[in-house]
Amino acid sequence: MGDTTRWLLPNGIDELLPEQAGRVEDCRRLLLNTCSSWGYEYVVPPLVEFTDSLHVGLGADLELLSCKFTDHETGKTLAVRADITPQVARIDAHSMGLEGVNRLCYAGSTLKSVANSIPADRSPVQLGAEIFGCGGIEADIEVVDLLLSLVERSGLSDITFDIGHVAFCELVMSHVGLSSEQQNTVLELLARKANSDLDRLLTTLSREQAEKISVLATMHGGIEVLEDARAAFVDIEGLEKVIGEVEAVLACCQRLQGRVNVYVDMTEAHGYRYHSGVVFALYAKELGAAVAKGGRYDGVGEVFGRRRPATGFAIDLKAWSALAVLEVTDKAFVASPVDASAQLAAKESELRASGVIVIKAIGGEVDDRCTGQLVNRNNEWLVEPLEKQ
């Protein structure tokens, strides 16, 4: 007996067998074709880049997730992408250099050094769409509307749309005078919903600070949270604009009432720390992790030479495809003998062009999926029912 451990895959790394791979590919085509119909152009960023261009200006959390190795040609450090969004921002800012609005979409594999979700998946297939060059809320509305259109096209149901705004917590904490270090600690505790740890932190703050942060921690739930936020923080300059932007984006969800539930969480910034405005995520009750995340990330392009407003979303394609209700079409499978005749080759091409799957019976073995066979009758190749042995 051989060593069976040599066939084991690393934790969080999986392989897609034909049925699952077919679903992922069908979903990829459906979603990208839909994005294309909205005017988004397809780009293919590289799997590997130098770390100084892949991680620059994007924060430590993304860098820690990246798998790195040394480039033998240059001696510099390379990294496999853990997130494609910053690459697309680089393409818009540096490679394309367009003025005005630019819409891009993409799909590709990513790799993470550790799993940051349950169930563990260190090699997600990421598909997304981004708008560059528009700083208005109408761009955020468009990408959310597109995402919900993909939900509709994929037949997803019982989905929760979770929305927040990065600036909300920042405005409240700055208003009460928390230091940058204190703000980072509060954000971490709010993201983890670590209420007991937050209570201990509040004892170290002034009375006014503790009261405001305590109320801030309750700013999640139904859509009524937005009115609660208005009432609780009415004296904070700029907060009305933030709440108004969230309300404008939420209006998209009305057309999918009954299929998409809304959860407002003004205490959490989804995804990586490069987000700067409205942030959102889609959750399915069958999964413990989000199937899609997105939001505004103005300024990422600045490190590539051009500061560009940007917003978009990224979908976990493997998780999405597991939930999708795809249109199934019956496929005909026909066996063909090994024969070098041009007439047979022409008949095979004709059948394949019409959508029939023709499989050569190499070694005399007929594929189990075949229900028909090509037979030569009076010098003409015809499809006849295949009698199963």
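Annotation: amide H of residue 13 within the under-5 Å range of 122, sequence separation 5 or more or interchain, hydrogens built in the peptide plane. Counted by neighbouring Cβ atoms within 10 Å, the residues 207, 153, 352 run from fewest to most as 207, 352, 153. In the set [x] 22.4, 80; [y] 26.1, 97; [z] 21.5, 70, the label that goes with Rg and Dmax of the Cα atoms in Å computed for this structure is [y]. Exposure proxy ranking for 173, 266, 96, based on other Cβ atoms within 10 angstrom of each Cβ and starting from the fewest, stands as 96, 173, 266.
Where in the chain is the longest stretch that carries no GluC sites (Glu not before Pro) classed as loop by DSSP and with at most 11 other Cβ atoms within 10 Å? The reported range is 100-223. In order along the stretch 17-30, the phi-based Karplus estimate (6.51 cos²θ - 1.76 cosθ + 1.60, θ = phi - 60°) of 3J(HN,Hα) comes to 7, x, 5, 5, 4, x, 5, 4, 5, 4, 5, 4, 5, 4 Hz; Gly and Pro are listed as x.
Charged side chains reduced to their Cβ positions (Lys and Arg at +1, Asp and Glu at -1) give the chain a dipole of some 520 debye around its Cα centre. Label-to-label distance, residue 6 versus residue 193, with points set 7 angstrom from Cα along the beta-carbon direction: 4.7 nm.
Among 241, 112, 347, a tally of other beta-carbon atoms within 10 Å of each Cβ gives an order, fewest to most, of 241, 347, 112.
In the chain, the longest principal axis of the Cα atoms and the axis of helix 239-250 are about 20 degrees apart. Taking the C-alpha atoms only, the angle from helix 180-192 to the longest principal axis of the chain is near 50 degrees. Hey, what do the phi angles of the stretch 83-100 turn into as Karplus ³J(HN,Hα) couplings, whole Hz, using 6.51/-1.76/1.60 and θ = phi - 60°, x for Gly and Pro? Once θ is set to phi - 60°, the couplings for the stretch 83-100 become 8, 8, 3, x, 5, 5, 4, 5, 4, 5, 6, 9, 6, 9, x, 7, 9, x Hz.
Using R0 = 45 Å, the C-beta based FRET efficiency linking residue 371 and residue 255 works out to 0.60. Compute the distance from the alpha-carbon center of the stretch 332-389 to that of the stretch 250-329, in whole Å. When both Cα centres are located, 47 Å separates them. Which of the lysines could a cross-linker bridge to residue 347, judged by Cα under 24 Å and excluding same-chain residues fewer than eight apart? Leaving aside lysines fewer than 8 places away in the same chain, those within reach of residue 347 are 331, 360, 388. Evaluating 6.51 cos²θ - 1.76 cosθ + 1.60 at θ = phi - 60° for every residue in the stretch 213-223, the Karplus couplings come out as 5, 5, 5, 3, 5, 9, 7, 8, x, x, 5 Hz, glycine and proline recorded as x. For a straight C-alpha distance cut-off of 27 angstrom, the lysines reachable from residue 241 (same-chain residues fewer than eight places away being disregarded) are 193, 212, 293. For the chain, the longest principal axis of the Cα atoms and the long axis of helix 137-154 meet at an angle of about 40 degrees. Under 5 Å between amide hydrogens, built in the peptide plane, is the criterion, and for residue 261 it picks out 159, 160, 161 among residues at least 5 positions away or on other chains. Taking amide hydrogens as placed 1.01 Å from N in the peptide plane, the amide H of residue 165 sits under 5 Å from those of 268, 279, each at least 5 positions away in sequence or on another chain.
Values in this text are rule-based calculations from the coordinates and carry no lab data. Model, not experiment: these values are computed from the prediction. Positions of Cβ are backbone-derived with ideal geometry, glycine not excepted, and every protein chain shown enters the neighbour counts.
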